[in-house]
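One structure below.
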Amino acid sequence: MEGRARRVLAEILYDGKEVGLSARVESISYTDNDKGRSDEISVVFCDRNADWLMKEFIPEKEHDLDVTMYFESWEHLGAAALKYHCGNFTIDDISYSGAPYQCTIKGVSIPASTDFLTVPKSKTWEQSTVKQIAEEKMSEYGMETLFWYGDTPVLEKIAQDNQTDSDFLYKLCEDNGLNIKVYKKGLVIFDKKIYEPRGVKKVFTKTDFESFDWNTTLTGTYTGAHLAYTNPATKAQTDKKDKNGNPIPKTIDILVGEGPRILYMSEKADSEDDARRKAAARINSENEKAVTMSFTAMANVNLFATDNFEVLGMGRCDGKYYTSSVTHSLSQSGESMSVEGYKIFDRM
């Protein structure tokens, strides 16, 4: 018996149950982000006779959507189906349209409580690590697992000042040269200097690309940083006072790196080591845009955000890249994969 031609099927579970969504899928767009933004999914369902508007199953916000795609005959005709689990998502947006009647459900990979994204909070920690603070925040939302790949410097003092937990954790990690990826039931916090030296997950040549864009820029990239920092807790004060009569902390200048393109920064820091860590983190983040590449290609179920890929046989575009995001788009016309990444460089 001949095998089936290449195709993609979707399994959609609502609160962990099959309620008939899988058979109604019209299209799926799923984006796997490496940091800063939650993974996102948008699924369009056919809504025959406006059933969901009237009397049948009605999806609701803040419920769970579990999405898996199965790639049949993907590597060759008759090959076993490859499973690609997009993840668990909290539904945050529902819309209806017609005709034809359709329901679009959007979800993000955040804890079930949207307080994580929406409720500002204030708190101060002393003599704590980023890891300890992250674990404390996880416990508030019933998140179970923390994957940690990085150093754990002790922070003398850090304040969450009327910020959402999402914004606070992202900035806390960013300032300390770390990256955070939020899942519904856990967090991954990592240092890219650990991820980038890993092996290559996939090698691409020009025949693999349906389309591509490659760019190199000097603007906004740096060879070093001049940081003027203050430590409010230090005893080294100037003779100047603020409007309330309090001594103004002394400003200390440091240089990280060298060369023609210097980034000028002003920050609060606990110590010179803390200041240097913040300066290096900022330089590294800015330099990720020095050489970038994006492309569309046939889906690869083994390539995820934070993986490395290599480009060969394309001259100046050749090299090893870090994957910033992967988007899978499934519709009646087929499936495609869009990838964004930057060329791996020597970090500060």
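The values are calculated or read from the model by the stated rules, or taken from the named source; none is laboratory data. None of the values given here were measured: they were computed from a predicted structure. All Cβ positions, glycine included, derive from the backbone under ideal geometry; neighbour counts span all protein chains shown.
Among the residues of the stretch 134-162, how many are closer than 20 Å to K192 by Cβ, surrounded by 12 or more Cβ atoms within 10 Å (Cβ to Cβ), of a type outside the set (A, V, I, L, M) and at pLDDT 90 or above?
So the count comes out to 3.
Does T207 meet the test of being among the polar types (S, T, N, Q) and touching a Leu at 6+ places or on another chain (Cβ under 7 Å)? Walk me through how you get there before you give the answer.
On the way: among the polar types (S, T, N, Q): yes; touching a Leu at 6+ places or on another chain (Cβ under 7 Å): no.
No.
Taking the stretch 163-179 on its own, how many of its residues are in contact (Cβ under 8 Å) with a residue 40 or more places away in the chain and either aromatic (F, W, Y) or farther than 18 Å from T114 by Cβ (or both)? Explain how you work it out, then say what you get.
Residues of the stretch 163-179 in contact (Cβ under 8 Å) with a residue 40 or more places away in the chain: 163-166, 168, 170, 172-179.
Now restrict to residues that are either aromatic (F, W, Y) or farther than 18 Å from T114 by Cβ (or both): 168, 170, 172-179.
Looking only at that region, the number is 10.
Look at the stretch 25-39 and say how many of its residues are crowded, with 19+ Cβ neighbours inside 10 Å and either closer than 21 Å to G98 by Cα or not hydroxyl-bearing (S, T, Y) (or both).
7
State whether the residues of the stretch 291-311 include one that is surrounded by fewer than 19 Cβ atoms within 10 Å (Cβ to Cβ) and in contact with a helix residue (DSSP H, G or I) (Cβ under 9 Å, 6 or more places away or on another chain).
Looking through the stretch 291-311, at least one residue is surrounded by fewer than 19 Cβ atoms within 10 Å (Cβ to Cβ) and in contact with a helix residue (DSSP H, G or I) (Cβ under 9 Å, 6 or more places away or on another chain).
Any idea which of D47, D66 is more than 30 Å from L169 (Cα to Cα), crowded, with 17+ Cβ neighbours inside 10 Å and of a type in the set (D, E, K, R)?
Matching residue, one of D47, D66: D47.
Whether any residue in the stretch 315-328 is surrounded by 19 or more Cβ atoms within 10 Å (Cβ to Cβ), closer than 27 Å to K171 by Cβ and not hydroxyl-bearing (S, T, Y) is what I want to check.
yes
Being modelled with pLDDT of 85 or more and over 29 Å from the mean Cα position of the chain (by Cα) is true for just one of A23, A10, A79, A5. Which residue is that?
A23
For residues in the stretch 163-205 being crowded, with 19+ Cβ neighbours inside 10 Å and part of a strand (DSSP E or B), which is farthest from the chain's Cα centre (by Cα)?
F204
Does the stretch 308-318 include one or more residues that are closer than 23 Å to G36 by Cβ, in contact with a strand residue (DSSP E or B) (Cβ under 8 Å, 6 or more places away or on another chain), at pLDDT 95 or above and of a type in the set (D, E, K, R)? Show your work before the answer.
Initial filter on the stretch 308-318 (closer than 23 Å to G36 by Cβ): 308-309.
Right, trim to in contact with a strand residue (DSSP E or B) (Cβ under 8 Å, 6 or more places away or on another chain) and you get 308-309.
Checking which are at pLDDT 95 or above leaves us with 308-309.
Filter again for of a type in the set (D, E, K, R), leaving none.
No, the conditions are met nowhere in the stretch 308-318.
Restricting attention to the stretch 75-90, and to residues there that are among the hydrophobic types (A, V, I, L, M, F, W, C) and buried (at least 20 other Cβ atoms within 10 Å of the Cβ), which single residue is nearest to H328 (Cα to Cα)?
Going through the qualifying residues, I end up with C86.
Does the stretch 116-130 include one or more residues that are within 30 Å of I58 (Cβ to Cβ), surrounded by 13 or more Cβ atoms within 10 Å (Cβ to Cβ) and at pLDDT below 90?
Yes - at least one qualifying residue is present in the stretch 116-130.
Report the residue count in the stretch 82-134 for those that are more than 19 Å from Y30 (Cα to Cα) and of a type in the set (A, V, I, L, M).
Adding up the residues that qualify gives 6.
Among the residues of the stretch 318-348, count how many are under 23 Å from G199 (Cβ atoms), part of a loop (DSSP other than H, G, I, E, B) and in contact (Cβ under 8 Å) with a residue 60 or more places away in the chain.
Residues meeting the conditions: 2.
Can you tell me which residues in the stretch 89-104 are under 21 Å from L13 (Cα atoms) and of a type in the set (A, V, I, L, M, F, W, C)?
F89, I91, I94, C103
When the stretch 105-152 is examined, which residues are found to be among the aliphatic types (A, V, I, L, M) and outside any strand (DSSP E or B)?
If the condition is that a residue be among the aliphatic types (A, V, I, L, M) and outside any strand (DSSP E or B), then I110, A112, L117, V119, V130, I133, A134, M138, M143 are the ones that fit.
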